[in-house]
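The values are calculated or read from the model by the stated rules, or taken from the named source; none is laboratory data. Computed from a predicted model, the values in this text were never measured in an experiment. Glycine also receives a Cβ, built like all others from the backbone with ideal geometry; neighbour counts cover every protein chain displayed.
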Amino acid sequence: MSHLRAWMTGCLAVVMAAISGDLARTPSERTASARHSRYDADETLRKIEHAARRHGYTVFARVAMPADAPPANRPVVLVLGTPEGVTPVVVDERAASIEAPLALTIVPAGDGRAQVHVPEPAAPWTAALTPLAPLVEQALA
């Protein structure tokens, strides 16, 4: 019996619930790898958005969290959508978690650069999506 459910959604509330989990987890709990950018967080975000559009993705949402943090220290979650305008969401019933495989977290680093948390695909069907790690590498080259 499968404990994973996946669906495609255009519902902002579900996507926001899914991406908020990355910021609530400790680095060791995240199912994401970190990429280091030589650019500041704003430029990193612009470069990734541009690369995503070149690969056919849409920018579904851009959320700065938490709102009470100073802008220079505020992580930004970038949620991408497919060309059809939907965003995949995966629910792992065993781990009681919701994942958005097309959500990246850009975290400002203390040295003026940024770190990008790239989700690791959790379900076999996510292989049909353009992998985000190469997209991020290309954007930051």
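Here are the numbers for this structure:
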read-out: Filtered residue count, region 86-141, keeping only those that are modelled with pLDDT of 75 or more, of a type in the set (Gly, Ala, Ser) and either exposed (fewer than 15 other Cβ atoms within 10 Å of the Cβ) or farther than 18 Å from His50 by Cα (or both); value: 5
read-out: Some residue of region 32-54 being loosely packed, with under 13 Cβ neighbours inside 10 Å, at pLDDT below 75, touching a strand residue (DSSP E or B) at 6+ places or on another chain (Cβ under 9 Å) and not aliphatic (A, V, I, L, M); value: no
read-out: Boolean, Thr9 is surrounded by 12 or more Cβ atoms within 10 Å (Cβ to Cβ), modelled with pLDDT under 75 and touching a helix residue (DSSP H, G or I) at 6+ places or on another chain (Cβ under 8 Å); value: yes
read-out: Residues located in region 59-83, provided they are assigned to a loop (DSSP other than H, G, I, E, B) and without any contact (Cβ under 8 Å) to a residue 40 or more places away in the chain; value: Ala67, Asp68, Ala69, Pro70, Arg74, Pro83
